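Engineer: To start, I am sharing the structure in question, which I have written as structure tokens.
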Amino acid sequence: MASLRFLPPPQSQNLNSLSTDFVNRRVSYPQQQLNFTKITALTNSDSSSPLLDSKTQVLDVVPLLSSSEAYERLKTFREKIKGKQQYLAMYSSIFGGITTDPAVMVIPMDDHMVHRGHGVFDTAAIMDGYLCSLDQHLDRFLNSALRSKIDPPFDRENIRRILIQTVSASKCRNGSLRYWLSAGPGDFQLSPSGGHESALYAIVIKDLSPAVVTPESRGVKVITSSIPIKHPMFAVTKSVNYLPNVLSKMEAEEAGAFVGIWLDNEGFVAEGPSMNVAFVNKEKELIMPHFDKILSGCTAKRVLALAECLLKQGKLTGIRVKNVTVEEGKEADEMMLIGSGVLVCPVVQWDEQVIGDGKEGHITQALFDLIVEDMKSGPPIVRTLVPY
């Protein structure tokens, strides 16, 4: 298959002038600067085959694909990914239904969630065929949408029904459900005021290689994050604007730690990039930072409620939500991260300071056991049966 390729202008071309011409939209190429070279395309006759095998190869020809060819390439791309997660079902209000084909689990490029970050999301764990704390997560989801000026395409009850049916279609009994509300597709403008309809997306995820948690492996190191924390106006909203969270997590990984811990604008302990923080002080009080400047964690709030039984058993002397200084945190007997992804994870070192005796504490372990049991056999308020 022969085709034509444009070769770049000679090096003597004035690049500054060329850049200015592009800005003024009056670029012209003298005929002598255009060299046409016949080449052989890198792809074979099977248009579903990937063109590139590595970042170092040069793409000589960009193919023009038909709809079926584009789909086949998406399918091949998905089949080649050796990730730790499997996508079992997706709902999209754009096509008004559920698909179990990962190749078409996509959203439009002109969706304002993609190019402007104008969207919110939430998640719910699936355990033994039940959705955990679905209503609590859904309430936070809709509150985030309200703060983000996104009017949902359906009312709360219909959204809830769609989410449950998506899990049912997936046949997943242990995994997670993640869902988004977007300002919707329609253009690439800054504001969605051009009459867009908001969009709802949901996807069911199964972890293919869940971590095996043993007493010896539990316990992580954290660092104080140098990435600026979000302003409280945005921190309390679970939006898709997660660049600070991503950079904080990457900074921690580069330092050999699990996550970074954010401090608020007054220097008090705030939260991690995707989880809340709690401590057990030397007086055996469970303390947690206020939620007024950080995301109100559904798992964290459930842990606070479950901790009441430890109070009754005398294992805790108190439960408080308060401002926590860094000094208090580092001198605590126990420190833990709390969130839907980690449940209750013990922290054994913060920066250079070893927490307690450097091992998972008894209260942390007890709270982990309580939240797991709650997810497995808790009351109907925290468990929604999925009709498979």
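Only the coordinates and a few stated rules stand behind these numbers; no lab work does. Predicted, not measured: the structure shown is a model, and the values here were computed from it. Don't worry about glycine lacking a Cβ; one is built from the backbone with ideal geometry, like all the others, and counts go over all protein chains shown.
Engineer: Which residues' amide hydrogens lie under 5 Å from the amide hydrogen of Val61, considering only partners 5 or more residues apart or on another chain, with H built in the peptide plane?
Structural biologist: Leu42
Engineer: Assuming R0 = 30 Å, can you tell me the calculated FRET efficiency for the pair Arg320 and Ser226, based on Cβ-Cβ distance, to the nearest 0.05?
Structural biologist: Working: r = 28 Å, r/R0 = 0.95.
In this case the efficiency is close to 0.60.
Engineer: Which ³J(HN,Hα) values in Hz, rounded to whole numbers, follow from the phi angles of the range 325-342 under the Karplus curve 6.51 cos²θ - 1.76 cosθ + 1.60, where θ = phi - 60° and Gly and Pro get x?
Structural biologist: Taking θ as phi minus 60°, the curve returns 7, 4, 4, 4, x, 6, 8, 5, 6, 9, 9, 8, 9, 10, x, 5, x, 10 Hz for the range 325-342.
Engineer: Turning to a different aspect of this structure: Show me, for the range 133-142, the HN-Hα J-couplings you get by feeding each phi into the Karplus relation (A = 6.51, B = -1.76, C = 1.60, θ = phi - 60°), rounded to Hz, glycine and proline as x.
Structural biologist: 6, 4, 5, 5, 5, 5, 4, 5, 4, 6
Engineer: Express the Stokes-Einstein translational diffusion coefficient of the range 249-313 in µm² s⁻¹, to the nearest whole number, given a Kirkwood radius over alpha-carbon pairs, 37 °C and a viscosity of 0.692 mPa s.
Structural biologist: Working: Rh = 13.3 Å.
It diffuses with D of about 247 µm²/s by this estimate.
Engineer: 5 Å is the cut-off here: which amide hydrogens, built 1.01 Å from N in the peptide plane, fall below it relative to Val277, excluding neighbours closer than 5 in sequence?
Structural biologist: Gly272, Ile338
Engineer: Also, I was wondering about something else. Sorted by average packing, counted as other Cβ atoms within 10 angstrom per residue and highest first, what order do 369-382, 104-117 take?
Structural biologist: Details: 369-382: 14.9, 104-117: 17.0.
Put in order of decreasing packing, that is 104-117, 369-382.
Engineer: What percent of all Cα-Cα pairs in the range 84-207 falls in each 5 Å bin, counting up from 0?
Structural biologist: With 5 Å bins starting at 0, P(r) equals 2, 12, 23, 23, 20, 13, 6, 2, 0.
Engineer: Return the FRET efficiency for the residue pair Phe95, Arg156: r is the Cβ-Cβ distance, R0 is 22 Å, and the value is rounded to the nearest 0.05. Don't skip to the end; give the middle numbers.
Structural biologist: Details: r = 22 Å, r/R0 = 1.01.
For R0 = 22 Å, the calculated efficiency reads 0.50.
Engineer: Something else now. Using a 10 Å cut-off on Cβ atoms, rank the peptides 340-346, 327-333 from the highest mean neighbour count down. Kindly include the intermediate steps, with their values, before the conclusion.
Structural biologist: Numbers: 340-346: 20.7, 327-333: 17.6.
Answer by packing, highest mean first, reads 340-346, 327-333.
Engineer: In whole Å, what are the Cα extents of the range 220-377 along the three principal axes, biggest one first?
Structural biologist: 42, 32, 28
Engineer: For Lys75 and Asp292, compute 0.36 nm times the residue count separating them, minus their Cα-Cα distance, and round to one decimal in nm. Don't skip to the end; give the middle numbers.
Structural biologist: Numbers: separation 217, 0.36 × 217 = 78.12 nm, distance 4.43 nm.
Separation in residues times 0.36 nm, less the Cα-Cα distance, equals 73.7 nm.
Engineer: Another question about this same structure. From the backbone phi of the range 301-313, what are the Karplus-calculated ³J(HN,Hα) couplings (6.51 cos²θ - 1.76 cosθ + 1.60, θ = phi - 60°) in whole Hz, Gly and Pro given as x?
Structural biologist: Calculated HN-Hα couplings, in order: 5, 5, 4, 4, 5, 5, 5, 4, 5, 5, 5, 5, 7 Hz.
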